[in-house]
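These notes concern the structure reproduced below.
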Amino acid sequence: MKQLPPDTVRLLSSSQVITSVVNVVKELLENSLDAGATSIDVKLENYGLERIEVRDNGHGIKAADTPVMAVRHFTSKICTHDDLEHLETYGFRGEALGSVCAVAEVTVITKTEEDDVSTQYTLNFTGGIVSKKPSHLGQGTTVSVLKLFKNLPVRRQYYSSTKKCKEELKKVQDLLLAYAIIKPELRLTLVHNKVVLWQKAKVPDHRSALVATLGPGVVVNLLPCHHRQEQPEIFLEGFFPKPGADYSSTSSSNPDKTFIFVNNRPVHHKDIMKLLRQHYTAQYPDDGSRSRYPVLMLSLTVSPSSVDVNLTPDKTQVLLHDKEAVLIALEAFLVSLYGFRPTDDPPALRPLSSETSCVPSEAAWPEEEASLAPTDLFGDADAAVRADAPPDSQTSNGSSSSSLAEDWIVNQMPAGSESNASLHDQNDLLSAETNVINKLPEMLEDNASTDECRGQFSAEDWSRGTALTDPVSGRPLQPVSIHQPPQTNVSAPDQALSSPDKKTLNAITEKRATLTAYDLISSRAMRAPLSPAALFEKEARADVLREKPAAGLQDISAAVHERWKNLREEDRKKYEEKAQKHQAQHEQRTKLASAEGPAETTLGTRGQKRKAPPSNQKLLDKLFSAQPQKKSGTPAPKPSLPLPCNIPSLRLRLQRLSSQSSAVPRGLRLVNQLASRSAWVISCGQRLMLLNPFRVEEALLFKRLLENNILPAVSLQTPIQLTDGSLGGAEYTKALCSMEKQSPELSGEVFFCDPRLVANGFKVRLIPALPSAERHLEVTAMADCVPFLGVEDLREILTAVLHGKARSVKECRPLKVTNYLKGEAVRLVRQLPASPSRADVEETLRRMERQLGEKNRTCIHGRPFLQHMGDVPSSEEEAREMLRPLEL
């Protein structure tokens with residue numbers, strides 16, 4: 001490695017600043033890609049705040065370069081600023097690893113092909129090597145970033161909420177998605193808290209990479225396309241939504257699935273994004289598609305000398321020297337895919353020296369159609385839409401400003417030209433299209449000589465509305481008028497209801513009578529008599545269903561009707577006799593109901609509504625007809641009661657309270673409980689503060705759990721053998737063997753009884769050396785209440801014992817156990833009564849003073865116990881000064 005000259009450093013003028021977890025992952029990932037890695041594993045703990053590890057199988061760092069591998073402005077990718085003209089790597093400043101060292105603890109494990117073993121380097125905040133030791137990892141580089149932003153509490157406070165942490169994790173996953181798409185041969189894995197969140201295997205091409213990242217349901221609606229331009233040299237390729245596809249499946253509400261790459265580098269370019277959205281949304285008339293972002297992958301390849309990536313520290317924004325040429329080429333490419341959109345300068349009339357290919361058509365462009373006369377392209381207004389043309393070819397493929405020649409070309413394409421054809425046929429089609437476009441000036445000149453019969457018009461006629469005329473009457477065409485049918489006469493009841501002069505109260509419009517199986521006679525519902533055919537159908541339907549259980553309703557009705565036709569006369573007479581009996585019974589019930597009169601409605605009658613008595617009806621009429629009373633202009637005075645308040649007497653009582661002896665500590669005294677019953681007002685001298693007792697209980701419970709809680713260990717079916725490699729080195733094994741043990745058993749086995757191991761849920765056994773076997777350690781039981789507890793947590797305990805000289809259980813708790821105990825403390829506090837008594841709160845204050853002291857006054861979530869409300873005035877003048885703003 002070589003140090004960059006000072007003038008080059010000044011030209012770069014962008015000191016890399018690490019502001020987030022995704023910045024760290026991006027810099028380490030790009031370093032791995034520059035090293036030729038084909039497999040990268042990204043592991044995070046606690047959303048990357050506690051640990052970020054990026055492991056690759058690249059070339060590794062040479063031993064001669066390791067002393068300056070993290071020193072600023074040392075890089076092996078460029079030597080001078082001129083090397084940016086042919087840059088082929090992602091990084092070039094030599095500042096990323098040094099910037100990470102300034103805000104975190106960094107260790108690097110690397111091994112090249114020439115090295116025998118890998119070496120682990122521990123770096124300080126300046127990037128210098130503090131220590132090094134051999135490691136067991138294979139070829140490649142592993143960078144571990146611990147305790148990110150440990151010396152920047154403001155930045156670490158930014159990730160105090162779970163929402164921010166999850167958003168940062170989503171950004172990391174989106175970053176890996178982008179590199180997984182542009183690098184199909186790359187294997188990527190994202191692990192968070194030992195859980196695999198996302199992974200992608202090695203695939204042969206970009207389409208397979210899109211299927212692996214976005215899913216086959218999205219890729220099926222994407223079209224592979226490419227476009228090449230000679231001067232300047234520009235190559236566009238990617239996968240774009242198929243024209244006319246449903247925008248709900250080919251777009252999203254945010255731009256995280258619109259992937260734009262410039263020279264294989266994921267970038268954010270506003271102009272390119274705007275152009276892509278304009279052409280994509282122009283094909284949908286729905287307003288809801290205007291705010292959508294297309295799901296696509298665009299890879300732009302230009303000369304490295306025409307791109308400036310040294311704009312922002314994260315290198316996600318680039319400056320294109322030939323920006324206009326790139327946008328024109330992209331617009332021509334999008335026009336060939338989606339058709340024209342309203343612009344001042346249609347791209348089809350621009351000179352193009354390019355080759356464009358989407359998924360090609362089935363046949364080459366017919367020569368006789370490519371050489372049509374101009375009259376086939378520009379005709380009269382009534383001949384522009386041909387009678388024999390299909391409906392979809394009578395409208396332009398783009399907007400109203402599209403040229404007729406392009407519409408003719410697009411409409412001549414076969415319907416299946418979007419899906420399956422050969423690339424050679426599509427190139428022939430595009431060459432024919434280019435020939436027609438190049439002949440447009442000659443067509444226009446020939447057309448100008450026949451203005452009388454061609455129906456051409458000027459801009460002035462168009463603005464006046466006299467450009468288009470009716471071929472029959474010769475008058476200018478008028479806007480479309482919508483004819484409405486004449487209003488029919490309103491029926492008498494409707495006129496009575498809608499008349500403004502006659503106002504009906506509580507009017508109920510009855511529904512029209514419908515054909516039912518019941519007759520309403522004297523307010524009684526009586527079933528109508530059945531006909532002979534209905535009686536037969538009632539019995540025969542069940543027989544048909546037994547014979548044909550899977551038959552439909554129409555089949556059953558047809559079979560019953562056929563049986564009724566073929567029924568014998570004897571059987572038919574039986575059903576006719578039954579129908580006559582039903583008719584006679586119905587007439588008899590009708591006479592009885594008419595003689596008895598209307599039936600009285602009772603609460604026990606089922607299916608009938610209760611009628612309101614006449615007295616209630618009069619009351620309802622009176623209420624509905626009464627006019628609402630207007631409110632008086634001046635509201636009634638609110639009742640008030642003056643309360644005497646004397647500040648000197650309150651101060652005297654406070655002094656008496658402070659002089660009295662109490663079990664509560666002298667510093668804090670309870671005053672009263674608020675109406676919310678979750679906070680108490682306490683006094684500390686002249687200060688009044690709010691106390692949240694539940695936060696105090698959380699901190700006290702968490703402290704007690706850290707010191708005394710013992711996690712129950714569950715026996716393992718297969719013990720886990722512990723070696724120097726799994727524990728992190730021989731010194732860790734030595735530290736484990738030096739812990740407290742039980743008395744040896746008859747077989748010579750010894751179990752560890754050290755509280756630092758037992759309290760964290762580990763049961764370790766030491767098997768002494770025998771003539772036939774060596775001495776070894778193994779874990780026979782572990783706690784199952786903590787998710788993913790493993791050997792790494794045992795190594796964390798040994799690290800605290802070895803380096804931190806931890807002697808108590810509280811100091812040896814692993815991070816997973818600590819988080820589990822925090823959750824247990826919160827769960828236990830939620831089981832407490834919602835409104836504690838005064839004695840309970842006094843006891844909580846007493847334990848807070850005795851166990852937590854004055855410095856630790858925050859809960860396990862970092863929120864304070866006490867909130868300052870105000871100060872008690874010591875004189876009348878102070879009291880008046882406090883009340884004066886309230887009087888204003």
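Computed from the coordinates by the stated procedures, all read-outs in this text should not be read as laboratory data. All of these numbers come straight from a predicted model, not from anything done at the bench. Cβ atoms come from the backbone with ideal geometry, glycine included; neighbour counts cover every protein chain shown.
Note on Lys855/Leu716: beta-carbon distance plugged into 1/(1 + (r/R0)^6) with R0 of 56 Å gives a FRET efficiency of 0.85.
Could you tell me which of the pairs Lys150/Lys734; Lys257/Lys315; Lys183/Lys323; Lys62/Lys734; Lys26/Lys315; Lys133/Lys741 are separated by over 21 angstrom between their Cα atoms in the structure shown? The pairs that break the limit, which is 21 Å between Cα atoms, are Lys150/Lys734; Lys183/Lys323; Lys62/Lys734; Lys133/Lys741. Going 7 Å from the Cα of Leu545 toward and past its Cβ, which residues in region 558-595 have a backbone nitrogen under 20 Å from where you end up? Only 558-564 pass the distance filter. Once the C-beta distance of Ser303 and Ala769 is scaled by a Förster radius of 56 Å, the resulting FRET efficiency is 0.25 to the nearest 0.05.
A cut-off of 5 Å between modelled amide H atoms, ignoring neighbours fewer than 5 places along the same chain, links Arg187 with Ser39, Ile40.
Give me the percent relative contact order of region 203-338, please, defined on Cα pairs under 8 angstrom at least 6 residues apart. Before the final figure, lay out the partial values.
Numbers: 192 pairs, mean separation 36.5, N = 136.
Across region 203-338, relative contact order equals 27 percent.
One chain, two ends: Lys810 and Cys785. Fully extended at 0.36 nm per residue, the span grows by 7.2 nm beyond their Cα-Cα distance. Relative to the current alpha-carbon distance between Asp724 and Ser160, full extension at 0.36 nm per residue lengthens the span by 199.4 nm.
The length gained by stretching the chain between Asp314 and Trp564 to full extension, at 0.36 nm per residue less their Cα-Cα distance, is 81.5 nm. Phi angles across region 319-331 convert, under the Karplus curve 6.51 cos²θ - 1.76 cosθ + 1.60 with θ = phi - 60°, into 3J(HN,Hα) values of 10, 8, 5, 9, 4, 5, 5, 5, 5, 5, 5, 5, 5 Hz, Gly and Pro given as x.
Using the Cα gyration tensor of region 102-197, with a ≥ b ≥ c the square roots of its eigenvalues, what is the shape: rounded (a/c below 1.5), prolate (a/b larger than b/c) or oblate (neither)? Cα axes put region 102-197 in the oblate bin. Under 5 Å between amide hydrogens, built in the peptide plane, is the criterion, and for Thr119 it picks out Thr110, Ser135 among residues at least 5 positions away or on other chains.
Please work out whether region 690-887 counts as rounded, prolate or oblate from its C-alpha gyration tensor, where a ≥ b ≥ c are the square roots of the eigenvalues and a/c under 1.5 means rounded, while otherwise a/b larger than b/c means prolate and anything else oblate?
Values: a/c = 3.73, a/b = 3.06, b/c = 1.22.
Because a/c hits 1.5 or more and a/b exceeds b/c, region 690-887 counts as prolate.
Taking amide hydrogens as placed 1.01 Å from N in the peptide plane, the amide H of Ala781 sits under 5 Å from those of Leu716, Lys763, each at least 5 positions away in sequence or on another chain. The packing ranking of peptides 737-747, 692-702, highest mean first, is 692-702, 737-747, where packing means the average number of other beta carbon atoms within 10 angstrom of each residue. Projecting label points 7 angstrom from Cα along Cα→Cβ for Leu654 and Glu587 puts them 10.2 nm apart. Here the label points at Ser678 and Asn708, each 7 Å from Cα along the C-beta direction, are separated by 2.8 nm in the simple model. Distance between the 7 Å Cα→Cβ label points at Gln139 and Glu749: 4.3 nm. The 3J(HN,Hα) values that the Karplus relation (6.51, -1.76, 1.60; θ = phi - 60°) gives for region 749-757 are, in residue order, 6, 10, 9, 7, 10, 4, x, 5, 8 Hz. Gly and Pro appear as x.
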